[in-house]
Amino acid sequence: MMKTLFRNFLLIIIACGIFTACQDNRKKEKKESTIKPNIVFIYMDDLGYGDVSAYGAKDIQTPNIDKLADGGVRFTDGHSSSATCTPSRYALLTGVYPWRNKDAKILPATAPLLIDTMQLTLPKMLQEKGYYTGIVGKWHLGLGSGHTNWNQRVTPGPNEVGFDYSYIMAATQDRVPTVYIENSLVVGLDLNDPIEVDYVNNFEGEPTGKDNPELVTMKWHHGHNNSIVNGVPRIGFMKGGNSAKWSDVDMADHFLFKAKQYVINHKNGPFFLYYAMQQPHVPRTPHPRFVGKTGLGPRGDVIAEADWCIGEFINTLEKEGLLENTLIVFTSDNGPVLNDGYYDDAVEKLGNHNPNGILRGGKYSLYEAGTRVPFITYWKGKIEPQVSDALVCQIDLLSSLASLVGSVKKAKDSEVLLDVFTGKNQQGRDELIIEASTKTALRKGKWLMIPPYNGVAKNTQVNIELGNSKEYQLYDLNEDIAQQNNLAKKNPEKLDEMLSVFNIICGKK
């Protein structure tokens, strides 16, 4: 009798223990499911598919980018939405194809804000889910209403479309004004030396690259012969603001410091950081620490510099105990270009390096090298290291991350591919419209179709094939990744199928 009672007592204790453990596990699982990860975009500028050693580069080593690739999902078919910068950035933040917005073109710094302040954006969506949102680096999506007074608050801008904090350059490193802007105010501005900017007419007495070549330290090749700042001739004319002008060779360090500071200040999160790096866009101005680092001239050196910055940034995440709760997306706004306006030995010192890798085209091009770029997702302990051939696009990040953080928001053209981005599924998009200088083409499965377009076949200034032809082009990318064999005439059925899908998506039928 006593033995039976004792045995039953033990069984009750064991059952209670199991029940308690299950309850604790459920609570733990529930708690973990409600923890929102920090999200970081590391967005490079003009980095090509073949510019990263994890993607096959031999003459440039990118060990810190490679760590992300080796520890996360390295996409072989990851795309920006456009072969140029402003449209890609628009799509990244809005989840909308840039060709749907007629103003989504490469913008001067004086252009008005491209994103409507009432429009859904990725940072707005994250704000609604409790995220503190920030951007550090290149903006290039317009500022103000088109009549910007740089000596007052420059608004609307990033802060009006979802960013709690912004520390940016207005457009690109080769455009005026050459100043940093923090939360709508020019940093370090002396109002007794006001800034004036004009993209049409120069200011009286101000030297230019065209008229004063003796004052430049970097010789212009095309399109960069206006105001001179730090010995570099720029696009556009600028007067005043001398105390606020940036130092080009210190820009990478400066943005890195701000990105690290942002992480430290908001480590209790959750936070979103859009770290928009300026490399390897022109003018390529590596810090003296990196000059000669690669033997490929300034372009190679700034890629090495960027890789070092990424390593330092990741070290900060790790030091602050954030790496295991931070999803990192690394990618580029478009494909590569060598000579993009300056004589800087990018062509002369190229050697055996091919920024395109195995792809045809480059920046400005409808061929694959225009939009197929390095694309990596990394989340320590959450994403299993792997290589994915899934077709994905930066435009899909908005809806996918909404799914991650429990938001029901979706953008017009943004697909929910969270399982693909986190390596749980390799079934990507069925089709994708890519864009270059307002011209569009269709990727569907292994196929690329480019409609006929007027215009030169090659931009000789930058030595890049643009994809323009009087005939339809159709490529089987599984068999012909270099796009040398146009199958449009040999496979009219597939061409008709692709054209039908293209017209439906683009609203032409």
### Task
Report those strands (runs of 3 or more DSSP E) wholly inside the stretch 126-235 carrying at least 2 residues which are open to solvent by less than 10 Å² (accessible area, probe 1.4 Å).
132-138, 165-169
### Query
Looking at (1) open to solvent by less than 10 Å² (accessible area, probe 1.4 Å); (2) more than 27 Å from residue 450 (Cα to Cα), which is the only condition residue 336 fails?
(2)
### Query
Looking at the stretch 98-111, is at least one residue assigned to a helix (DSSP H, G or I) and in contact with a helix residue (DSSP H, G or I) (Cβ under 6 Å, 6 or more places away or on another chain)?
yes
### Query
Right, residue 478: out of contact with any Cys (no Cβ under 8 Å at 6 or more places or on another chain) and within 23 Å of residue 390 (Cβ to Cβ) or not?
yes
### Message
Please pick out the residue among 506, 393 that is under 30 Å from residue 272 (Cα atoms), among the hydrophobic types (A, V, I, L, M, F, W, C) and in contact (Cβ under 8 Å) with a residue 12 or more places away in the chain.
### Response
393
### Query
Does at least one position in the stretch 361-371 carry a residue that is over 21 Å from the mean Cα position of the chain (by Cα) and modelled with pLDDT of 95 or more?
no
### Task
Among residues belonging to the stretch 290-333 that are aliphatic (A, V, I, L, M) and under 23 Å from residue 88 (Cβ atoms), point out the one that is surrounded by the fewest Cβ atoms within 10 Å (Cβ to Cβ).
327
### Query
Out of (1) under 18 Å from the mean Cα position of the chain (by Cα); (2) open to solvent by 10 Å² or more (accessible area, probe 1.4 Å); (3) within 18 Å of residue 157 (Cα to Cα), the odd one out for residue 66 is which?
(3)
### Task
Identify the residue in the stretch 34-75 that is hydrophobic (A, V, I, L, M, F, W, C) and in a loop (DSSP other than H, G, I, E, B) and, among all such residues, is nearest to residue 402 (Cα to Cα).
35
### Summary
Note: among 494, 470, just one is farther than 22 Å from residue 357 by Cβ, surrounded by 15 or more Cβ atoms within 10 Å (Cβ to Cβ) and among the charged types (D, E, K, R), namely 494
### Query
Are any of the residues in the stretch 376-387 part of a loop (DSSP other than H, G, I, E, B), buried (at least 24 other Cβ atoms within 10 Å of the Cβ), touching a residue at least 60 places away in the same chain (Cβ under 8 Å) and hydroxyl-bearing (Ser, Thr, Tyr)?
no
### Query
Are there any pairs, at least 6 apart or on different chains, whose C-beta atoms fall under 9 Å, with the first in the stretch 303-329 and more than 20 Å from residue 248 (Cβ to Cβ) and the second modelled with pLDDT under 95, and if so, which?
322/269; 325/35; 325/36; 325/269; 326/269
#### Entry: All positions within the stretch 267-289 that are assigned to a loop (DSSP other than H, G, I, E, B) and either among the aromatic types (Phe, Trp, Tyr) or surrounded by 21 or more Cβ atoms within 10 Å (Cβ to Cβ) (or both)
277, 278, 279, 280, 281, 282, 283, 284, 285, 286
### Message
On the basis of being in contact with a helix residue (DSSP H, G or I) (Cβ under 6 Å, 6 or more places away or on another chain), of a type outside the set (A, V, I, L, M), more than 18 Å from residue 345 (Cβ to Cβ) and not in a loop (DSSP other than H, G, I, E, B), does residue 307 make the cut?
### Response
yes
### Candidates 481, 434, 504, 450 - the one that is at pLDDT 95 or above, in contact with a His (Cβ under 9 Å, 6 or more places away or on another chain) and of a type in the set (A, V, I, L, M, F, W, C)
434
### Query
Within the set of pairs 6 or more residues apart or between chains, which connect a residue that is in a helix (DSSP H, G or I) inside the stretch 487-501 to a residue that is among the aromatic types (Phe, Trp, Tyr) with Cβ atoms less than 7 Å apart?
494/447; 495/472; 498/447
### Message
Return the pair list, or none, for Cβ contacts closer than 9 Å from residues in the stretch 251-267 that are within 12 Å of residue 317 (Cβ to Cβ) to residues that are hydroxyl-bearing (Ser, Thr, Tyr) and open to solvent by less than 10 Å² (accessible area, probe 1.4 Å), at least 6 apart or on different chains.
### Response
259/167; 259/275; 262/167; 262/275; 263/326
### Message
Just to be sure I understand, how many residues within the stretch 442-461 are buried (at least 18 other Cβ atoms within 10 Å of the Cβ), without any contact (Cβ under 8 Å) to a residue 60 or more places away in the chain and within 24 Å of the chain's Cα centre (by Cα)?
### Response
1
### Query
Can you pull out the residues in the stretch 112-130 that are touching a residue at least 60 places away in the same chain (Cβ under 8 Å) and either more than 24 Å from residue 180 (Cβ to Cβ) or of a type in the set (A, V, I, L, M) (or both)?
120, 122, 125, 126, 128, 129, 130
### Task
Keeping to the stretch 388-406, report how many residues are open to solvent by less than 20 Å² (accessible area, probe 1.4 Å) and under 26 Å from residue 120 (Cα atoms).
13
### Message
It is to be established whether one or more residues within the stretch 417-438 are among the hydroxyl-bearing types (Ser, Thr, Tyr), open to solvent by 50 Å² or more (accessible area, probe 1.4 Å) and at positive phi.
### Response
yes
### Query
Inside the stretch 109-125, can you point out the residues that are of a type in the set (S, T, N, Q) and buried (at least 16 other Cβ atoms within 10 Å of the Cβ)?
110, 119, 121
### Task
Exactly one condition in (1) more than 19 Å from residue 106 (Cβ to Cβ); (2) at pLDDT 95 or above; (3) out of contact with any Phe, Trp or Tyr (no Cβ under 6 Å at 6 or more places or on another chain) is not met by residue 412; state its number.
(2)
### Task
Could you figure out which of (1) farther than 27 Å from residue 355 by Cα; (2) modelled with pLDDT of 95 or more; (3) open to solvent by less than 50 Å² (accessible area, probe 1.4 Å); (4) among the small types (Gly, Ala, Ser) isn't true of residue 243?
(3)
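The values are calculated or read from the model by the stated rules, or taken from the named source; none is laboratory data. All of these numbers come straight from a predicted model, not from anything done at the bench. Cβ coordinates were reconstructed from backbone atoms using ideal geometry, including for glycine residues, and neighbour counts include every protein chain displayed. Each accessible area value is taken on the protein alone, full model and side chains, heavy atoms only, with ligands, DNA and RNA left out. Shrake-Rupley method; radii C 1.70, N 1.55, O 1.52, S 1.80 Å.
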